[in-house]
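Just below is one structure, and these are the notes that go with it.
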Amino acid sequence: MSQTYSLVNPYNNEPIGEYQYTSWDQVEQKLALLKTGHKTQRDSSAFERANVLARLAELLKEHSEDLAQLITRETGKTISDSRVEMMRAVNATIACSEEARQITGEALDSDAYASMGKKIGIVCWRPLGTIFCITPFNFPINIAIHKIGPAYAAGNSVLFKPGPQNTATARRLVELCHEAGIPENVLQFCMPEMKELDRLNAHPDIHAINFTGGTAAANAIAAAAGYKKLLLELGGNDPLIVMDDADLEGAVKAAINQRFATAGQRCTAAKRLFVHEKVYDAFRDLLVEKSSELVVGDPAKDETFIGPLIHQGAADQVRGFIEDAIERGATVAMGNQYEGAFVYPTILENVDPECELMVEEAFGPVMPLFKFDDVDAIIPIINNTAYGLQGGIFTNNLALIRRLFEELDVGTLAANDGPGFRTEHFPFGGVKESGVGREGIKYAIREMSFTKTLVL
Ligand SMILES: NC(=O)c1ccc[n+]([C@@H]2O[C@H](COP(=O)([O-])OP(=O)(O)OC[C@H]3O[C@@H](n4cnc5c(N)ncnc54)[C@H](O)[C@@H]3O)[C@@H](O)[C@H]2O)c1
Ligand SMILES: O=CCS(=O)(=O)O
């Protein structure tokens, strides 16, 4: 009999449900079933897969409010953030449906080089097999769609493992995928105990692992996965740069939306703010004024902007980063207040560029402000982190935008927006310890496929 686990609402500790882990025998049965899905997928058509994904988008839209409410209960994410996630998930699913029809290769003539004859090479894209899709707690539907959708569109089978906290949401998503027409031998949910994960990551019937989460888990996966293809979307310590010609209201709005929304629990959150000295005081004053108006409280209420973090431990970790920064000389412009799993929006000044808050990933609503007068001086500070996901800069200086695009360690730089800018079909991913490979629907399809060439 498998062990069970129970979940509670991070806001009020109300029980959400009690669930059973997937036993190892059940995992093996699921993988065997998914192997039969390879032929099911081979016998299907891109047309059929595109239509199934279009139907899934309709079902997600039809059930978006129920799913948003469930996300909020499971994660403490505000209902407004959960509704935005559902809108993004519908968009991502529509993009999967459209890209499912566009998985085209190319035809090459062999006579480009001496004595290679007159052959034609027909380059096709084919699925890798069974993809182990693993998702984090913070966007339980949209990040799952970004894995399941492209994997299915490419013709793969999928073994889907969400974070334990997201069990009810994930199970409901899989039900809707099956209702839309994704066959049961092509998509299976699982929740093995942690002790089984190394064995599962190494399993020969898993051909690729598509993971989003933290560095520690990614390292464990990579150690067990051997030659499997890995797609790793990991953490971020993203900068937002405010230059002396910035639109200050726009920059403040981006900073608040991209640092304090989702209680700061986004890989692409604006985790470090670099503000030119000429506009620093005006920016800081406007930022504090607008941040002080934010409603902190019950995530189920429409007016709430910041709910609790995913659990007390997460709040304690963020508090540790803040206290370390203060011990090293930072001053508090607002916040530094805590209540259970709540971290109140916190803005720090005079931050030591070497403190944990500036170098590590702080997954909570804390904003260190760093005043500067010379761009040359902040580039090494911005790059002095293991991460390199996204960046944002507010300026109209195109030459500076171009220079930072080349010199910053990021996968995306957004001009006159924050690092939290993301639309579902753009390539998404970072460098260094922010991950390996790219999501963004058509890019994820390629990551979960291989080229197969017919020479005639
Ligand atoms: N780059 C992105 O798109 C992105 C998006 C969201 C979150 N994140 C990152 O995720 C982290 C927060 O999410 P989290 O706390 O859920 O991350 P986490 O790493 O604790 O867990 C992520 C998932 O991995 C699973 N997992 C843990 N160890 C594993 C192992 N050895 N083998 C297989 N699966 C394993 C977990 O059960 C969960 O499903 C942050 O670092 C954040 O930056 C990145
Ligand atoms: O946590 C990051 C996911 S997203 O919001 O940037 O898509």
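The values are calculated or read from the model by the stated rules, or taken from the named source; none is laboratory data. Quick caveat: nothing in here was measured; it's all calculated off a predicted structure. Cβ sites come from the backbone with ideal geometry, for glycine too, and all protein chains shown count toward neighbours. SASA here: full protein model, heavy atoms, side chains in, ligands and nucleic acids out. Shrake-Rupley method; radii C 1.70, N 1.55, O 1.52, S 1.80 Å.
Points worth noting:
- Of all residues in the stretch 203-243, those satisfying the criterion of being among the polar types (S, T, N, Q) and out of contact with any strand residue (DSSP E or B) (no Cβ under 6 Å at 6 or more places or on another chain) are Thr215, Asn219.
- Within the stretch 379-403, considering residues that are touching a strand residue (DSSP E or B) at 6+ places or on another chain (Cβ under 6 Å) and over 28 Å from Gly213 (Cα atoms), the one nearest to ligand 2 (Cβ to nearest atom): Phe394
- Positions within the stretch 220-243 being in a loop (DSSP other than H, G, I, E, B) and in contact with a Pro (Cβ under 8 Å, 6 or more places away or on another chain), in sequence order: Gly236
- Checked against (1) surrounded by fewer than 17 Cβ atoms within 10 Å (Cβ to Cβ); (2) within 21 Å of the chain's Cα centre (by Cα), Arg73 passes all but a single condition, namely (1).
- In this entry, Val275 passes the filter for residues that are in contact (Cβ under 8 Å) with a residue 24 or more places away in the chain and open to solvent by less than 30 Å² (accessible area, probe 1.4 Å).
- Selected residue (criterion: modelled with the lowest pLDDT) from residues of the stretch 115-141 that are of a type in the set (A, V, I, L, M, F, W, C) and more than 16 Å from ligand 1 (Cβ to nearest atom): Met116
- Residue match in the stretch 113-123 (condition: aliphatic (A, V, I, L, M), touching a residue at least 12 places away in the same chain (Cβ under 8 Å) and within 30 Å of Ala315 (Cβ to Cβ)): no
- Of residues in the stretch 207-232 being away from ligand 1 (no atom under 11 Å from the Cβ) and of a type in the set (A, V, I, L, M, F, W, C), the one nearest to Ser23 (Cα to Cα): Ala208
- Residue in the stretch 82-93 that is open to solvent by 60 Å² or more (accessible area, probe 1.4 Å), assigned to a strand (DSSP E or B) and out of contact with any Cys (no Cβ under 7 Å at 6 or more places or on another chain) present: no
- Some residue of the stretch 110-121 being assigned to a strand (DSSP E or B) and in the same structural domain as Leu70 (by TED's automatic domain parsing): yes
- Helices (runs of 4 or more DSSP H) fully within the stretch 126-219 that include at least 1 residues being among the hydroxyl-bearing types (Ser, Thr, Tyr), without any contact (Cβ under 8 Å) to a residue 24 or more places away in the chain and open to solvent by less than 10 Å² (accessible area, probe 1.4 Å): none found.
- 2 or more residues of a type in the set (Val, Ile, Thr), touching a strand residue (DSSP E or B) at 6+ places or on another chain (Cβ under 9 Å) and closer than 15 Å to Gly364 by Cβ: qualifying helices (runs of 4 or more DSSP H) within the stretch 244-329: 312-327
- Residues within the stretch 195-239 that are of a type in the set (Lys, Arg) and within 15 Å of Gly437 (Cα to Cα), tallied: 2
- Qualifying residue in the stretch 246-268 (condition: hydrophobic (A, V, I, L, M, F, W, C), more than 16 Å from ligand 2 (Cβ to nearest atom) and open to solvent by 20 Å² or more (accessible area, probe 1.4 Å)): yes
- Scan of the stretch 1-31 for residues that are among the aromatic types (Phe, Trp, Tyr) and part of a loop (DSSP other than H, G, I, E, B), ordered by number: Tyr11, Tyr21
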